[in-house]
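Have a look at the structure below, then the notes.
Coordinate-derived values only; no laboratory data. Because the structure is a prediction, the values reported are computed rather than measured. Cβ sites come from the backbone with ideal geometry, for glycine too, and all protein chains shown count toward neighbours.
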Amino acid sequence: MKIATLVVACLASSVSYAFDLVPYTATYQFNLNGQLSGTATRVLSKQADNQYRYQFNAAAMIANANELSDFKFDGQKVQSLHYENTKQVLFKTKKSTVDFDWSKNQANAQRNGEALQYALTEPATLDPLNLEIQIRQDLSKKNTLKGKYSLGDAKGLNPLAFELQGEEKITTPYGEIDTIMVSRVHQSSDRKTQFWLAKSLNYLPVKVVQIDDGAMYTIELQSYQQGTVAATTPLVPVAAP
């Protein structure tokens with residue numbers, strides 16, 4: 001069975017708001033094809049000075065997925081430092097990491113034990129988690145999305161594009177929420193990714209729907225708590241294969 005790491009990759013706003021990057025914990029319910037269900041948590045914590053850690057953990061009976069992003073944020077731009085992605089289905093585990101060496105403009109990646117190095121030709125290269133943070137900042141200043149965002153992961157560099165789809169009021173386990181809907185632009189018609197972003201929660205993603213290879217993954221916000229989170233928040237343990 002394929003389990004997707006549910007990643008929110010875009011936040012948007014139709015009006016200008018000051019972007020305030022504060023620690024928080026958001027808990028979600030997720031569902032795969034209406035059959036497999038579980039919980040997911042997004043945690044943003046502040047480290048020393050202008051460094052942050054962002055984590056996404058999803059767990060079900062037979063699978064879990066964990067992501068971690070360490071980055072700097074100066075109030076304007078995100079600078080990627082380190083990224084991890086670990087997935088486990090039954091007793092099979094896959095892990096990838098990326099270290100961003102800006103002194104050499106080089107990314108050093110590991111994917112299932114295989115090493116990859118590639119040049120960071122785009123100074124604004126983001127990882128799959130902190131991409132969300134940068135887009136929130138961009139929209140708070142410009143009220144629009146960039147044409148392309150540069151994503152760096154264990155496979156290399158990839159450009160991503162998103163579209164604003166308008167406003168919609170939705171009902172989640174957290175309650176009824178006014179949202180902005182955003183879609184990722186995919187090359188394949190068989191893939192679809194949509195995000196609903198809460199105006200009242202600083203455009204936090206409150207619902208995500210992803211269709212890939214005929215499977216549908218959905219997450220919906222269940223609880224949200226703003227405040228300081230311990231900097232040493234660990235990843236959800238993943239059993240060794």
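How many angstrom separate the Cα center of the range 19-52 from the Cα center of the range 137-192?
17
To the nearest 20 Debye, how big is the dipole of the chain about its Cα centre, given +1 on the beta carbon of each Lys and Arg and -1 on that of each Asp and Glu?
Values: 24 positive and 23 negative charges, 40 e Å.
Approximately 200 debye in magnitude.
Are there any trypsin sites (Lys or Arg not before Pro) in the range 90-138 that are in a DSSP loop and have at most 16 other Cβ atoms within 10 Å? List them by number.
K104
Using alpha-carbon pairs under 8 Å, 6+ residues apart, how would you state the relative contact order of the range 24-226 in percent? If you can, show how the numbers build up before the last one.
On the way: 472 pairs, mean separation 33.3, N = 203.
Taking the mean separation of contacting Cα pairs over the length of the range 24-226, I get 16 percent.
In nm, give the distance between the simple-model label positions of Q194 and K148, each being 7 Å from the Cα along the Cα-to-Cβ direction.
So the two model labels end up 2.7 nm from each other.
Which value at 222 nm does the chain reach when only helices count, each DSSP H run of 4 or more adding -39,500 (n - 2.57), with the total divided by all residues and rounded to the nearest 500 deg cm²/dmol?
Values: 1 runs with 13 residues, N = 241.
Helix contribution divided over all residues of the chain: -1500 deg cm²/dmol.
Counting DSSP beta bridges in the range 90-159, what percent are antiparallel, to the nearest 5?
Values: 16 of 17 bridges.
So the antiparallel bridges in the range 90-159 amount to around 95 percent.
Counting other beta carbons within 10 Å of each residue's own, what order do D49, D70, D99, D127 fall into, fewest first?
Values: D49 8, D70 20, D99 15, D127 27.
Ordered by Cβ neighbours within 10 Å, fewest first: D49, D99, D70, D127.
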